[in-house]
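Following: one structure in structure tokens, then a few remarks.
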Amino acid sequence: MFDVGDIDRLKPQVGGVNPDIAPLVVARHPSCFTGVPTGWLSRSRTLRPGARGACRVAPAVPSGRGNLKSVGHDDVRNHRSISRCVGRGTAARAASVHVTAPAFLAGILGLRKGVPNNADVANKTSRAIAAEMLGVLGVDRVTIPKEAPGTALEIAVARYLAEALPNIHSDRVWVVDRRKYITDFRQYDHLARLDAVVRKNPTLSSEIGRDYRIKPDVTVGIMIGGMPSPLLHAAISCKWTIRSDRVQNIRHEGVILTRSRRGRQPHIVTVTAEPLPTRLAAIARGTGEVDAVYHVALDELVQATDIAGNAQQRAILAEMIGQNRLADFETLVEVLAI
């Protein structure tokens, strides 16, 4: 459980409580926020004390989001305002928790041979936290989609962004794709010319290599004026879970996107459902290869880690959120729309 020391360590330089971590910490410690100014909460969020917990009202979100059981929400101009209550104990969670995770998550999450399909079967803490996440989300399906969860996540994220971005910023021409070569975008089209030369010259191919030919899982482009190709606005790596080889792949893509561009740098982010904070830290921490990591069920992860994680896992999770290295997936659209 987070303690008062966690809140103190996460205060910014000029008073108040860090708005990124405060709702997550205070939800478990309603007594700690008595007298805190009303402005400390993040945009469009309110927190009301309740018996043994706290309730918050999430901001309006694109229509692709909602309760995983498809209940308790109303459509208002293609957006939903979803209420959520956080209680203590399994019975309280089952009775009162309304989730704010994206609706597409319901079609991907589930149990495989009794173990959550986002958990590492060989890691006890991973299994425990993932199981608690599924409990909070209300997911108890045994049937898993035939499609690999990583591929399913890519498809779902691409569809979600393709629907949400025009609703938020309609004056832009958005181009959302999967597995598209970066050479198809304005900042990197010179790499296509380079590749044409390298392929014809074995010496250059051996010396330079061709590892610049990357295809991010999801790309977000913007058509500008009379440009023949879109500007790469965001490169999104979708990893259902985090493993060492996937971390290296994400970092490699980040380096190529940064060093090889001619023009403005795109947003470089990762979207994941990884339940273990220490593994999330493997990619969230670093020197800037990735702007931030977005979790598809961050609030549920915080609750699950509070219940099933150890002190190290809780401390690392608080650090990543407090340092703006780990964010809720629901905020990604707002970031991209800036």
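Just so you know, all these numbers are worked out from the coordinates, no wet-lab data involved. As the structure is a computational prediction, the values presented were derived from the model and not from experiment. Neighbour counts are summed over all protein chains in view; Cβ atoms, including those assigned to glycine, are modelled from backbone coordinates with ideal geometry.
The gain in end-to-end length when the H190 to T258 segment is fully stretched comes to 23.1 nm, 0.36 nm per residue minus the alpha carbon separation. Classify segment 113-215 as rounded, prolate or oblate from the Cα gyration tensor: take a ≥ b ≥ c as the square roots of its eigenvalues, call it rounded if a/c is under 1.5, otherwise prolate when a/b beats b/c and oblate if not. In terms of gyration-tensor shape, oblate. Kirkwood analysis of segment 122-281, using all unique Cα-Cα pairs, places the hydrodynamic radius at 17.9 Å. In segment 266-335, inverting the average of 1/r over every pair of distinct C-alpha atoms gives 12.0 Å as the Kirkwood radius.
Sorting 250-256, 299-305 by average packing, meaning the other beta carbons within 10 Å per residue, from highest down gives 299-305, 250-256. Across the cross-link table entries K180/K239; K200/K239; K113/K239; K124/K239, which are compared at the Cα atoms, the separations over 28 Å belong to K200/K239. Reported to the nearest whole Å, the Cα centre-to-centre distance from segment 203-272 to segment 156-182 is 16. Sorting the segments 108-114, 323-329, 268-274, 232-238 by their residues' average number of neighbouring beta-carbon atoms within 10 angstrom, most packed first, yields 268-274, 232-238, 323-329, 108-114.
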